[in-house]
1. Taking the Cα centre of each part, how many Å lie between region 115-129 and region 34-108?
2. Please compare each pair in K74/K133; K117/K165; K35/K98 to a cut-off of 20 Å on the Cα-Cα distance and tell me which ones are over it.
3. Is the C-alpha gyration tensor of region 113-178 telling us rounded, prolate or oblate? Criteria: a/c under 1.5 is rounded; beyond that, a/b larger than b/c is prolate, otherwise oblate.
4. Residue-wise, which Karplus ³J(HN,Hα) couplings in Hz belong to region 101-107, taking 6.51 cos²θ - 1.76 cosθ + 1.60, θ = phi - 60°, and x for glycine or proline?
5. Quick one: if you stick a label point 7 Å off each Cα along the C-beta vector at D156 and I49, how many nm between them?
6. What number in nm² do you get for region 1-75 if you take the convex hull of its Cα atoms and divide its surface by four?
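Laboratory data are not the source of any read-out in this text; all were calculated from the coordinates shown. Just so it is clear, the model here is predicted, and its values are computed rather than measured. Here Cβ is always computed from backbone atoms with ideal geometry, including for glycine, and neighbour counts include all displayed protein chains.
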Amino acid sequence: MLYAQVITDKEKANVLRMREEEKMARDVYMVMNDKWDHQVFSHISESEIYHMSQMKLWVDKFSLDDPVTRNNDKRGVFTDQRLQKLYNELTASGLQSKEAAFRAGAKVEEVDIFDLKAVLAETSDADLQSTYKYLIHASENHLRAFVRNLKTLGIDYTPVVMIQKEFDEIMNGQTRGMGMGKGKGNKCVMGNGDGCCMKTGDKN
């Protein structure tokens, strides 16, 4: 119970927030895959399930009331109303066209990176920081995947959340290098950039 004694209320709120935010990403991609049957959505939704499990470890470690469990992990249902609104908006727009779906995916990842960097700055727990950094790099790879898929449609994506400089650095791979090692199955494979959070050997 040591963690439960030392964690701040802000850190607790952030863990719950990111637990639901990873679920929001998964749910959006599941809806998009149901509609467009595209491997980028199926692959990344699988990796989001793993990311959810990583945040669930912290929910359990801090003995928190898991909002995902409370809502029976029902697709599209969130305790955080900001995430509920974002899910509603992104699924509605993403169902209109494949381009809109890729744009919705890119926005999910931009929001995730923005929020993860914010919560990273608000914790001094080294292990929790490591989890957040891992998720940031995974989201950067996901963002690159959606931007590449937009490029195949002849579209140059412009960021809608982050500043252009930060976006350009991510696209140029200047934020890579976490080196999480090699994994199997659906777990993230950090280190090579574009292949992260896909099944090993798969392309998006």
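1. Their Cα centres are 21 Å away from one another.
2. Checking Cα-Cα distances, K74/K133 exceed 20 Å.
3. Prolate.
4. Residue by residue, region 101-107 yields 5, 5, 5, 4, x, 5, 5 Hz.
5. 3.8
6. 4.8
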